Amino acid sequence: MATTPLARSPRQRSIVSRRVRSIAPSGIRKFFDLLASMDDVISLGVGEPDYATPWHIREAAIYSIEKGQTSYTSNYGLLELRQELARHIAGRYGVEYDPRAELLITVGVSEGLDLAMRAILDPGDEVVVPDPCYVSYSPCVTLAGGLVTSVSTCLGNDFKLRPDDLEDKISPRTKAVLLGYPSNPTGAVMSKEELAAIAEVAERHDFLVVSDEIYDRLVYDGEHTCFSSLPGMKERTIVLGGFSKAYAMTGWRIGYAAARAEIIEAMMKVHQYTLMCAPAMAQNAALEALRWGEEDVREMVEDYNRRRRVMVKGLNDLGLQTFEPKGAFYAFPSIASTGLSSEDFAERLLFEEKVAVVPGNTFGRCGEGHVRCCYATSLDQINEALSRMACFLSKLRS
Amino acid sequence: MNLDILKILEKDARVEPDQIAVMTGLPVAQVKQEIAQAERERIILRYRTFVNWEKAGAEQVWALIEVRVAPQRGAGFDAIAERIYRFPEARSVYLVSGAYDLAVQVVGHTMKEVASFVSEKLASLDGVQGTTTHFLLKKYKEDGEIMEGTEDRSRLAIAP
């Protein structure tokens with residue numbers, strides 16, 4: 001029998017690095033395990049579209065495989081895809097990116113975020129992260145050797161980041177702010193004017209803006225503002241985008257980073273030694289999506305919008321205060337009126353009525369007192385979930 | 001006419017006006033009024049249920065009939081088309097471009113019944129110059145619905 005020498009080290013040294021140990025395990029793991037053992041659960045805990053990828057996109061990927069396009073691509077990604085992407089971004093947001101030097105195809109925004117952090121952070125550099133936010137933000141900063149500075153956002157301000165609150169968190173070591181609007185988990189969207197105020201702070205204190213815009217196409221009232229389209233911001237912004245949410249392509253794992261050449265070059269350096277390139281067939285699918293997927297996006301967004309209204313009205317009617325989410329596909333009701341913690345609420349709702357939601361504290365301290373409900377599920381399921389929640393709440397309140 | 005209301009009803013005719021109002025952000029009264037108007041103007045023709053009869057065990061025979069006709073002075077193809085679509089056996093009637101003029105879908109209980117409808121009622125009409133009958137062997141997809149088998153989609157029930 002072989003033994004692992006390290007495990008028996010007399011110094012009792014841990015196998016796992018201090019840095020990885022310092023990261024909290026995902027809060028939703030527990031719910032995942034609970035759910036796996038239950039039947040007849042309606043899940044509002046999902047984090048992806050309920051559509052399969054449109055067939056023409058799948059077919060394009062199959063065709064590319066049949067033609068034998070199964071090799072490595074350029075580290076930056078297929079040039080054709082970057083060219084199409086450059087046209088797409090210029091057309092939508094009016095920002096010109098050089099497809100040869102300012103765009104990088106990544107394995108989802110997840111990789112893009114990791115690359116961005118590794119490319120810009122030195123040990124001890126600080127990144128300001130709004131709370132609540134997507135679960136990867138803080139760990140990615142920590143893994144890259146940076147320090148997270150949380151800035152609170154709240155229901156009273158529709159979970160938008162206020163420039164004053166941001167400015168309070170700035171220190172000489174602040175390297176960047178990490179924005180994610182439209183927001184997972186809150187559905188908050190920031191308007192052009194509100195983002196311009198953030199840009200002004202970034203300019204004045206000279207830090208970078210990493211803008212996760214994976215939900216850019218899922219905006220319901222008004223238009224999405226690409227952060228780099230703000231005056232003077234292209235130079236100091238890393239835009240992270242992708243195909244998962246807009247084209248229902250989560251499993252393909254294709255995203256991109258758009259930034260000035262110096263930053264993309266640095267991100268590419270990490271990318272080439274870790275990922276080499278994003279999967280070729282998935283890149284071909286993404287190319288098809290950009291060229292011919294506009295109608296799909298339009299239809300899906302129309303449909304999300306209808307379900308969004310049903311969910312938000314339903315939650316408010318239940319007495320759970322819910323601000324109107326203007327983007328993504330989540331509602332983030334306050335459950336404060338029940339007196340329960342987010343986790344207790346989610347756990348009891350799951351056990352008693354078999355509805356799964358994600359406790360808000362998963363997304364940060366400021367998410368406490370809320371739960372995340374995804375409305376990317378069928379109308380029947382939404383209605384059934386709402387009526388089960390009504391039962392749950394009436395028992396709770398009686 | 002609000003197209004949004006129609007799109008919702010086309011997908012699922014059971015959605016109640018109250019729900020449509022929430023989905024579209026319109027007042028309930030307006031939704032009801034628009035639906036009533038659409039019914040009146042025959043924009044909404046009918047509310048129907050789409051049944052897979054084969055699965056239900058009912059015998060049905062479908063055929064696509066190509067009909068070549070001589071257009072009539074003053075009435076074009078419309079008069080002959082009307083003569084055809086008056087028959088309940090003709091489930092749809094289209095004027096088409098190409099090698100023939102009218103495409104007619106016919107349904108019956110047996111092949112014999114469909115064949116005799118074509119030969120006795122359709123082919124014998126004044127102005128019909130010829131017909132070609134294609135019996136349907138299998139329906140894969142109809143009206144946007146795949147008849148057999150669906151995609152097995154499973155999502156992570158909980159994801160960040």
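The values are calculated or read from the model by the stated rules, or taken from the named source; none is laboratory data. These numbers come from a predicted model, not from an experiment. Every residue, glycine as well, gets a Cβ built from its backbone with ideal geometry; the counts of neighbours run over all protein chains shown.
Specify which of the listed residues (B:LEU125, B:LEU137) is in a loop (DSSP other than H, G, I, E, B) and touching a helix residue (DSSP H, G or I) at 6+ places or on another chain (Cβ under 9 Å).
Residue meeting the stated conditions: B:LEU125.
Mind checking which residues of segment A:257-285 are out of contact with any helix residue (DSSP H, G or I) (no Cβ under 6 Å at 6 or more places or on another chain) and either closer than 19 Å to A:ILE214 by Cβ or among the hydroxyl-bearing types (Ser, Thr, Tyr) (or both)?
A:ALA258, A:ALA259, A:ILE263, A:ILE264, A:TYR273, A:THR274, A:LEU275, A:ALA278, A:PRO279
Can you tell me which residue within segment A:132-165, out of those that are more than 26 Å from A:ALA266 (Cα to Cα) and assigned to a loop (DSSP other than H, G, I, E, B), is nearest to the other protein chains (Cβ to nearest Cβ)?
A:PRO132
Going through segment A:11-40 one residue at a time, which ones are surrounded by fewer than 18 Cβ atoms within 10 Å (Cβ to Cβ), out of contact with any Pro (no Cβ under 9 Å at 6 or more places or on another chain) and facing chain B (nearest Cβ under 10 Å)?
A:ARG29, A:LYS30, A:PHE32, A:ASP33, A:LEU34, A:ALA36, A:MET38
Only residues that are in contact with a strand residue (DSSP E or B) (Cβ under 9 Å, 6 or more places away or on another chain) and either farther than 26 Å from A:VAL301 by Cα or modelled with pLDDT of 95 or more (or both): list them for segment A:46-82, please.
Correct list: A:THR73, A:SER74, A:ASN75, A:TYR76, A:GLY77, A:LEU78, A:LEU81, A:ARG82.
To keep it simple, each residue is scored yes or no on (1) more than 24 Å from the chain's Cα centre (by Cα); (2) closer than 30 Å to A:ASP317 by Cα; (3) of a type in the set (Gly, Ala, Ser).
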position	(1), (2), (3)
B:VAL15	no, yes, no
B:ASP18	yes, yes, no
B:GLN30	yes, yes, no
B:GLU41	no, no, no
B:LEU45	no, no, no
B:LYS55	no, no, no
B:ALA58	no, no, yes
B:ALA70	yes, no, yes
B:GLY76	no, no, yes
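Residues are listed down the side, and each one gets a yes or a no for (1) closer than 21 Å to B:GLN19 by Cα; (2) more than 14 Å from every other protein chain (Cβ to nearest Cβ):
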site: A:ALA282; (1), (2): no, yes
site: A:TRP292; (1), (2): no, yes
site: A:ALA328; (1), (2): no, no
site: A:ALA331; (1), (2): yes, no
site: A:LEU340; (1), (2): no, yes
site: A:ALA346; (1), (2): no, no
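Any residue in segment A:305-317 that is touching a Lys or Arg at 6+ places or on another chain (Cβ under 9 Å), among the hydrophobic types (A, V, I, L, M, F, W, C) and either within 17 Å of A:ASP50 (Cα to Cα) or crowded, with 18+ Cβ neighbours inside 10 Å (or both)?
No - not one qualifying residue is present in segment A:305-317.
Name the residue that is surrounded by the fewest Cβ atoms within 10 Å (Cβ to Cβ), counting only residues in segment A:41-72 that are away from chain B (no Cβ under 12 Å) and under 23 Å from the mean Cα position of the chain (by Cα).
Looking at the filtered set, the residue picked out is A:PRO54.
Pick from A:PHE363, A:PHE351: which is more than 12 Å from chain B (Cβ to nearest Cβ) and at negative phi?
Result of the check over A:PHE363, A:PHE351: A:PHE351.
Quick check on my filter: what residues within segment B:107-140 are among the aliphatic types (A, V, I, L, M) and either in contact (Cβ under 8 Å) with a residue 60 or more places away in the chain or over 22 Å from B:PRO71 (Cα atoms) (or both)?
B:VAL107, B:MET111, B:VAL114, B:ALA115, B:VAL128, B:LEU136, B:LEU137
If I filter segment B:46-59 for residues that are in contact with a Lys or Arg (Cβ under 8 Å, 6 or more places away or on another chain) and exposed (fewer than 14 other Cβ atoms within 10 Å of the Cβ), do I get at least one hit?
Yes, segment B:46-59 contains at least one residue that is in contact with a Lys or Arg (Cβ under 8 Å, 6 or more places away or on another chain) and exposed (fewer than 14 other Cβ atoms within 10 Å of the Cβ).
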